Amino acid sequence: MRVRDLMLVGGVGLGGTAMMIGRAATPPGATISGKVTFTGTPPKMKPIDMAKEPFCARLHAAAPVLTENVTTGPSDALRWVLVYVSAGDQGSAPATETVRLDQKGCQYIPHVLVVQPNQPLDIYNDDSTSHNIHPLAKVNAEWNKSQPIGAPPIHAKWESPEFIPVKCNVHPWMHGWHLVLTTSHYAVTGEDGAFRLQGLPPGKYTITAWQEQFGTQSQDVTVTGSETKSVSFVFKATPY
Amino acid sequence: MGKLFAVVVTIITVVSTAIFIAHTWWLPPDISAHGHAIDRQLSETMISSGVLFVLSQLALALFAWRFGDREDGRRVKPFPGGATPMVVFAAVLVGAEILTLTLVGAKVWAGVFQTPPDPNSLQIDVQAEQFAFYFRYPGPDGRFGATHPELINEASENFFGLDPARDTSARDDIVVPTLTIPLNRPIALTLRAKDVNHAFYVPELRIQQDFVPGLTIPLHFTATQTGRYEIVCTQLCGLGHYNMRAYIEVLPQAQFDQWLKDKAAQQ
């Protein structure tokens, strides 16, 4: 049974909440849920000045976009953390639905996007300015494509598992991630830092949390039946 | 045919000269303390070369009008000594003009580019990269943090490769994408390129200077008018060159001080 947490971003992502939407009915199997938080003082989320691109600067004139490399939420929650089954997965069917990445207001939405190998990925330019998407892949083939105003979506896919940083060659502040995973048991934390992995067959799993600046943490968890186990990840934050 | 050619040459000469005299497509207003010297030099160059241009074109038209339709095959009048002395004479004439303009112009250029900046200049670091400019101010401590190219990370807005974890002087450095400067205060820029050649060109400031990777290039000027002006890259630096620009914002001193204070508080 394949379980997928689909992450949608509300609004234009201006500090909005990433909602974790599971399947309508809870799939059979165990659940591992929890929260990702930090201790210490995280780096400041700095306002991004988009003066170079007047179209995007106007869009964010009232509320500047903040850097997303370390995004915090209430109660020391950490947003944009990938939590996934890094070992023990008992088989994940390949995903076929198309994942959408938007370039909107000179931001990548979502900031962290997860796909499985060969899953279709459509990349849209929603702005009245050109973008140049440049995934800095090392295992997969690196590419770099311009997408002018009104251009059709770029159809892409990644063949091999890899965590790929993505930048825009025209707008240096634009930064995101394409995370290519073989497992379908994953979640990306929202503003509350919560995650939920459902439909896990009984067994022993290694659950890994990845944050782009703080790195990874892993825990072994054994589940049986339809129990729900709670796991927490706490990253040590430093201001610089 | 010779008369038609003479008419066309005369029309081209008159129209193009009129366009220059009327300043139809001219430089934008000068907003720099040194710009008047550049503008004066440009005018002298345009006048001296313009006079020669008009005289030579009109002479061409005159000869074409008078002799272009002759069909008897006679030469008008040979240059004394033949073709070689004529070419030498032309080369010396044009060479003398170019050399004179170079010597006079070099003095103006050196007055801008080879003089030391005012010791009280506001120091600002400039980093050019494909395809943006970033500007760094030393912050309240008055000192720039050291730069480490390997630490450059656009995701965290560390465009200069600062190391605030270990280098306390880097913690208050102010990095912005708009060059904000106070009015009538000498500005000393230090230009560095992250990747390839770029250029810093502000027509209103009468300043154009290349960035060269590996070189630290000083540049200084004083802005004499408030306003917002465009900084453009004039070295073809890659596919996104068309979009490599930034803005320079010239503010009265009090407004600039407030701006700097606000930015320092955000660090």
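Every number in this text was worked out from the coordinates using simple rules, so none of it is lab data. Everything numeric in this text was worked out from a predicted model, so none of it was measured. Cβ placement follows ideal geometry from the backbone for every residue including glycine, while neighbour counts extend to all protein chains displayed.
Counted over chain A, the DSSP beta bridges are approximately 70% antiparallel. Counting only cysteine Cβ atoms and a cutoff under 4.7 Å, chain A contains unmatched residues A:CYS168. The distance separating the Cα centre of region B:22-64 from that of region B:230-252 comes to 27 Å. Working from label points 7 Å from Cα in the Cα-to-Cβ sense, the B:LYS107 to B:ILE217 distance is 2.6 nm. Were the residues from B:LEU60 through B:ILE11 laid out at 0.36 nm apart, the gain over their Cα-Cα distance would be 16.4 nm.
For region B:25-80, the list of trypsin sites (Lys or Arg not before Pro) that fall in a loop by DSSP and count at most 10 other C-beta atoms within 10 angstrom reads B:ARG74, B:ARG75. Just checking the listed ones, B:HIS241, B:HIS23, B:HIS220: in the Gaussian network model of chain B with Cα springs under 10 Å, the one fluctuating most is B:HIS23. Between the listed residues B:ALA91, B:GLY81, B:THR102, the Cα displaced farthest toward the positive end of the dipole of region B:2-113, a dipole computed from Cβ unit charges relative to the Cα centre, is found at B:GLY81.
Taken as Cα centroids, region A:36-70 and region A:105-140 sit 19 Å apart, rounded to the nearest whole angstrom. Scanning chain A for GluC sites (Glu not before Pro) that sit in a DSSP loop and have at most 11 other Cβ atoms within 10 Å, the longest stretch containing none of them is A:143-240. Note on B:ARG166 and B:MET1: the extension gain reaches 51.4 nm, defined as 0.36 nm multiplied by sequence separation minus the Cα-Cα distance. Which log10 I(q)/I(0) values does region A:32-233 give at q = 0.09 Å⁻¹ under the Debye formula, counting every alpha carbon as one identical point scatterer? Relative scattering, expressed as log10 I(q)/I(0), comes to -0.38.
The chymotrypsin sites (Phe, Trp or Tyr not before Pro) of region B:168-266 include none that meets both conditions, a loop assignment by DSSP and at most 11 other Cβ atoms within 10 Å of the site Cβ. Using only the C-alpha atoms, the convex hull of region B:122-266 corresponds to 104 Å³ per residue. Of the two radii for the protein assembly as shown, the radius of gyration is 1.15 times the Kirkwood radius, both from the alpha carbons; that is the Rg over Rh value.
Site pair B:ARG70 and B:THR234 shows an inter-label distance of 4.6 nm when each label is modelled 7 Å from Cα along Cα→Cβ.
Charge dipole of chain A (Cα centre as origin; +1 on each Lys and Arg Cβ, -1 on each Asp and Glu Cβ, all else neutral): 140 debye, rounded to the nearest 20. Binning all Cα-Cα separations of region B:44-199 at 5 Å, short to long from zero, yields these whole-percent fractions: 2, 7, 10, 12, 10, 8, 7, 6, 6, 6, 6, 6, 5, 4, 3, 2, 1, 0.
When chain A is treated as a Gaussian network with alpha carbon springs shorter than 10 Å, the biggest mean-square fluctuation among A:LEU181, A:LEU59, A:LEU113 belongs to A:LEU59. Within chain B, DSSP assigns beta bridges of which about 70% are antiparallel (rounded to the nearest 5). Under 5 Å between amide hydrogens, which residues at least 5 positions from B:GLN123 or on another chain qualify, with H placed 1.01 Å from N in the peptide plane? Here B:ALA188 satisfy the definition. For A:ASN125, neighbours were defined as the other residues whose beta-carbon sits under 10 Å from its Cβ, and their charges (Lys and Arg +1, Asp and Glu -1) total -2. Placing a label point 7 Å from the Cα of A:GLU97 along the Cα-to-Cβ direction, the residues of region A:168-209 with a backbone N closer than 19 Å are A:179-190, A:195-200. Between B:SER48 and B:VAL88, the modelled labels are 2.4 nm apart [label points 7 Å from Cα along Cα→Cβ].
Annotation for region B:132-197: trypsin sites (Lys or Arg not before Pro) lying in DSSP loop with at most 15 further Cβ atoms inside 10 Å of their Cβ are B:ARG143, B:ARG166. What is the count of Lys pairs in region A:32-233 whose alpha carbons sit under 20 Å apart, if the two are 8 or more places apart or on different chains? Lysine pairs meeting both conditions in region A:32-233 amount to 14.
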